[in-house]
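Comments concern the structure below.
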Amino acid sequence: QRGYIEYLENRIGDRATLSRRLSPAWQANLTTRIEEVEVKNVPSFAPPAITDNLGWHFLAGFRGGLTRDTRDSYLYPSRGNVFDIGYEQVTGDYNYGIGTTRFTQFMTTHQRDDGSGKHVLALRTQLSLASSQTPVYDRFYAGGFGTIRGFTYRGVGPQFDGLHTGGTLSFLNTIEYQIPILPSDKLFFVTFLDHGTVEQNIDIKNYRVTAGFGFRIAVPMLGPMPIALDFAFPLNRMDGDNQQMFSFYMGMFGGGY
């Protein structure tokens, strides 16, 4: 159950993925998801983009994808890249397709003689497209970790009277630079630039840009993933966007992967 400003969403279902490694770097996968989704508690002034999807809906999605991963580490990557492309066809009460492609590159710009103390530059881009028939609960939203920091979760994209209705095009990009502060590589400083948009149609009109800085703190008792503290400031935003300067999450790079 997920509560949004726009509506309350209930999901019941499951998904399964079958993967096959084609080479040390390449992997093919097929994912099936079966769900019942309910949209309720919608404000009286909500637009048809939301109210048309009220009630319970059945969906069956089938996604095929290819992934190429040459990173030197899953948790603390410093070299290599990840490329992923996939398409999901959804049937049931609604019929629509969702295609996504994303690429992330990691580069070490400096390191100590023993291989520690790495300065890492990360570049990430992601493009996602969905059919115009896609219901509100499967459309694209942005804002926060993994998308565009400096805005609240789902705080970026098409909206009506303060209610975000989701888009059918998502274009997200990140440039992030990481510097170790302690010799133990347990504390890092990062600076970043996030930019992109979520649009109602296949047309880029409302582009957002944010800049910020943050810290990555490795706490052994909390597991291998570091704590991430980020501060982001919008340089370009649109009316209706919901800003949020501070974000907290678990992970190394705020742009995902």
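The values are calculated or read from the model by the stated rules, or taken from the named source; none is laboratory data. Just so it is clear, the structure is predicted and the values come from calculations on it, not from any experiment. All Cβ positions, glycine included, derive from the backbone under ideal geometry; neighbour counts span all protein chains shown. Heads up: the accessible areas ignore ligands, DNA and RNA and are worked out on the full protein's heavy atoms, side chains in. Shrake-Rupley method; radii C 1.70, N 1.55, O 1.52, S 1.80 Å.
The numbered conditions (1) of a type in the set (D, E, K, R); (2) in contact with a Lys or Arg (Cβ under 9 Å, 6 or more places away or on another chain); (3) surrounded by fewer than 15 Cβ atoms within 10 Å (Cβ to Cβ) are all true for residue 205 except (2).
Among the candidates 90, 120, single out the residue that is part of a strand (DSSP E or B), free of Cβ contacts under 8 Å to residues at least 60 places away in the same chain, touching a Leu at 6+ places or on another chain (Cβ under 6 Å) and of a type in the set (A, V, I, L, M, F, W, C).
Details: 120 fails: touching a Leu at 6+ places or on another chain (Cβ under 6 Å).
On inspection, the qualifying residue turns out to be 90.
Exactly one residue out of 229, 169, 163 is open to solvent by less than 70 Å² (accessible area, probe 1.4 Å), over 20 Å from residue 105 (Cβ atoms) and under 15 Å from the mean Cα position of the chain (by Cα): that is 169.
Going by the conditions given, is residue 9 assigned to a strand (DSSP E or B), over 23 Å from residue 152 (Cβ atoms) and open to solvent by less than 60 Å² (accessible area, probe 1.4 Å)? If you could, list the steps in order and put the result at the bottom.
Values: assigned to a strand (DSSP E or B): yes; over 23 Å from residue 152 (Cβ atoms): no; open to solvent by less than 60 Å² (accessible area, probe 1.4 Å): yes.
Taking the combined requirement at face value, the residue does not satisfy it.
Go through the residues of the range 237-252 one by one and say whether even a single one is assigned to a loop (DSSP other than H, G, I, E, B), touching a residue at least 24 places away in the same chain (Cβ under 8 Å), open to solvent by 70 Å² or more (accessible area, probe 1.4 Å) and closer than 30 Å to residue 131 by Cβ. Please lay out each step first, then the result.
So in the range 237-252, the residues assigned to a loop (DSSP other than H, G, I, E, B) come out as 237-242, 245, 251-252.
The next check asks that each one be touching a residue at least 24 places away in the same chain (Cβ under 8 Å); those that pass are 237-238, 240-242, 245, 251-252.
Checking the rest, the ones that are also open to solvent by 70 Å² or more (accessible area, probe 1.4 Å) come to 237, 245.
Checking which are closer than 30 Å to residue 131 by Cβ leaves us with 237.
Scanning the range 237-252, I find at least one residue that is assigned to a loop (DSSP other than H, G, I, E, B), touching a residue at least 24 places away in the same chain (Cβ under 8 Å), open to solvent by 70 Å² or more (accessible area, probe 1.4 Å) and closer than 30 Å to residue 131 by Cβ, so the answer is yes.
Among the residues of the range 123-169, the ones that are aromatic (Phe, Trp, Tyr), in a strand (DSSP E or B) and at pLDDT 95 or above come to 2 in all. If you filter the range 19-44 down to residues that are touching a Gly at 6+ places or on another chain (Cβ under 9 Å) and either surrounded by fewer than 13 Cβ atoms within 10 Å (Cβ to Cβ) or modelled with pLDDT under 95 (or both), you find that the one that is farthest from residue 162 (Cα to Cα) is 40.
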